[in-house]
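These notes are about the structure you will find just below.
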Amino acid sequence: MDASQFLDTAKDLLGSAKREGDYRTCISRVYYCVYHTACAAVRKGVAPDLCQRAEMDAKQSISHDKIIRCLKNADDGDVKEVGDELKNLKATRIRADYHLWRTVSKQNALDAVKDAEGQCTTICELTPQRIGKAVTPYLKKIHP
């Protein structure tokens, strides 16, 4: 499955939303779109043996905090920014999924969709090669 399907699902939900739970689910789906897009870029850009040592290869799921840490410790400011934005979107998803006492509005969902579209575009524009080059020194340091 292509991660962009999560974004499509979120947009469909947003278009037919009838209740707050739809907005919350929309936010969750867009987070997973960006998370899986970032994971795929790292896996494509980092040498297979290093991915395996770092437990980030295709046969293993990458923890949310691990991919964020990896991106935030990159040698490239643009890649670090992707890590920052993914961390922010994760916080938004946690609020939507777990903080039921806090209201989530249609505008919150619209903002999350816009942020996710921007992040997916940025990840694609950066290319897996650039992302891999930027995160490799950090991964080699913690997984010699």
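The values are calculated or read from the model by the stated rules, or taken from the named source; none is laboratory data. Computed from a prediction, not measured in an experiment: that's the story for all the values here. All Cβ positions, glycine included, derive from the backbone under ideal geometry; neighbour counts span all protein chains shown.
Scan region 92-144 for residues that are basic (Lys, Arg), under 19 Å from residue 8 (Cβ atoms) and surrounded by fewer than 12 Cβ atoms within 10 Å (Cβ to Cβ) and report the count. Steps first, answer last, please.
We begin by selecting, within region 92-144, every residue basic (Lys, Arg); these are 93, 95, 102, 106, 114, 130, 133, 140-141.
Keeping just the survivors that are under 19 Å from residue 8 (Cβ atoms) gives 93, 106, 114.
If we keep only those that are surrounded by fewer than 12 Cβ atoms within 10 Å (Cβ to Cβ) too, we end up with 114.
Residues flagged as basic (Lys, Arg), under 19 Å from residue 8 (Cβ atoms) and surrounded by fewer than 12 Cβ atoms within 10 Å (Cβ to Cβ) within region 92-144 amount to 1.
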Given (1) farther than 29 Å from residue 20 by Cα; (2) surrounded by fewer than 16 Cβ atoms within 10 Å (Cβ to Cβ), residue 79 misses just (2)
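Would you say residue 139 is within 15 Å of the chain's Cα centre (by Cα), in a helix (DSSP H, G or I) and aliphatic (A, V, I, L, M)? Outline the logic, then answer.
Values: within 15 Å of the chain's Cα centre (by Cα): no; in a helix (DSSP H, G or I): yes; aliphatic (A, V, I, L, M): yes.
Taking the combined requirement at face value, the residue does not satisfy it.
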When every residue in region 29-62 that is closer than 30 Å to residue 17 by Cα and of a type in the set (Ser, Thr, Tyr) is compared, the one surrounded by the fewest Cβ atoms within 10 Å (Cβ to Cβ) is 32
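Out of the residues in region 8-37 that are out of contact with any Leu (no Cβ under 8 Å at 6 or more places or on another chain), basic (Lys, Arg) and in a helix (DSSP H, G or I), state the one that is farthest from residue 90 (Cα to Cα).
Of region 8-37, the ones out of contact with any Leu (no Cβ under 8 Å at 6 or more places or on another chain) are 8-13, 15-21, 24, 27-28, 32, 36-37.
In the following step, the residues that additionally are basic (Lys, Arg) were identified as 11, 18-19, 24.
Restricting the remaining residues to those that are in a helix (DSSP H, G or I) gives 11, 24.
Values: 11: 18, 24: 13 Å.
Once the filter is applied, the top-ranked residue is 11.
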task = Please verify whether region 50-68 includes one or more residues that are touching a Leu at 6+ places or on another chain (Cβ under 8 Å), at pLDDT 95 or above and either over 23 Å from residue 2 (Cα atoms) or among the aliphatic types (A, V, I, L, M) (or both).
result = yes
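Each row is one residue, and each column tells you yes or no for (1) touching a Pro at 6+ places or on another chain (Cβ under 9 Å); (2) on the phi > 0 side of the Ramachandran plot; (3) not in a helix (DSSP H, G or I).
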residue	(1), (2), (3)
68	no, no, no
74	yes, no, yes
78	no, no, no
82	no, no, no
87	no, no, no
92	no, no, no
96	no, no, no
103	no, no, yes
Do we have any residue at all in region 79-99 that's over 20 Å from residue 45 (Cα atoms), touching a helix residue (DSSP H, G or I) at 6+ places or on another chain (Cβ under 7 Å) and aliphatic (A, V, I, L, M)? yes
